[in-house]
Every structure is written in C-alpha cells, then in structure tokens.
Amino acid sequence: MYIHPYKCHVTGSTSIIPLSTPAKPPVWCENDPNRCVRGAKQMIYWAQASGNNVFVEDQQKDGKAKSPGYNVKMGFQDGAQNDIFLPRPEFLHLQPKKRYERPSHARLA
C-alpha cells in the first residue's frame with residue numbers, strides 16, 4: 001500500500017457533531033448513483049494480494065477497464081466530505097464536553 005492511514009486526535013475543537021461510523025467500503029456506482037455509499041467511506045483496497053475491500057469487473061462507461069479511484073464513480077464527491085458527520089437531529093441531545101483547563105499553578109515536567 002502506498003497510502004498510510006493516520007489516526008488523528010483533534011484538540012481544541014468546539015464542535016459536538018460526531019462522525020458517522022463505522023466507515024463502509026465504497027462501491028462502484030458510475031451507472032447507478034443510488035448504489036453509492038453515503039456517509040463515511042473506508043480507504044480503497046483493491047488489486048492487493050489480500051485485504052481487498054473493493055471488487056470490480058467489466059468496463060466503465062467509456063469502455064475502459066474499471067479502476068477504482070477517489071472520484072464520483074466510487075461515490076467520492078468533489079470538495080469537503082461533509083457527509084461523514086451524523087445528521088443534525090441525531091446529535092442534538094449531546095452536550096459539548098467540558099474542556100480540561102490546566103490550573104495556572106501547574107507546571108509541565
């Protein structure tokens with residue numbers, strides 16, 4: 001694999017909107033947008049010796065062999081992936097977490 005998935009820990013955020021989880025494998029949906037996976041999608045693992053999560057066969061619309069990529073044919077829209085968050089009504093009951101503030105007299109070791 002040439003892409004390495006990093007797990008990030010975001011700090012200082014004031015948003016309480018949770019991510020839509022778990023992420024699902026994307027599917028080829030060039031001819032049928034209704035098949036596109038909505039929400040958080042996994043990285044594409046294709047044509048590997050093992051661990052594939054995407055399987056394609058036949059040709060795409062232009063007659064070339066299908067080759068999955070991070071584009072609309074696999075359900076990835078241009079721009080920010082705003083569909084990775086839960087819809088608003090599902091998280092209204094959540095309260096923001098209280099941020100930990102270090103006491104002014106605390107020292108770093």
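Can you list residues whose amide H is under 5 Å from Phe85's amide H, if they're 5+ apart or on another chain and H is modeled 1.01 Å from N?
Ser20
Show me, for region 4-10, the HN-Hα J-couplings you get by feeding each phi into the Karplus relation (A = 6.51, B = -1.76, C = 1.60, θ = phi - 60°), rounded to Hz, glycine and proline as x.
10, x, 9, 9, 9, 10, 7
Long-range amide H contacts for Gly75: which residues qualify at under 5 Å (H placed 1.01 Å from N, peptide plane, sequence gap of 5 or more or a different chain)?
HN-HN under 5 Å from Gly75: Cys29.
Which three extents, in whole angstrom, do the alpha-carbon atoms of region 7-54 cover along their principal axes, largest first?
Extents along the principal axes, in whole Å: 39, 29, 14.
Coordinate-derived values only; no laboratory data. In this text the structure is predicted, and so the values were computed from the model without any measurement.
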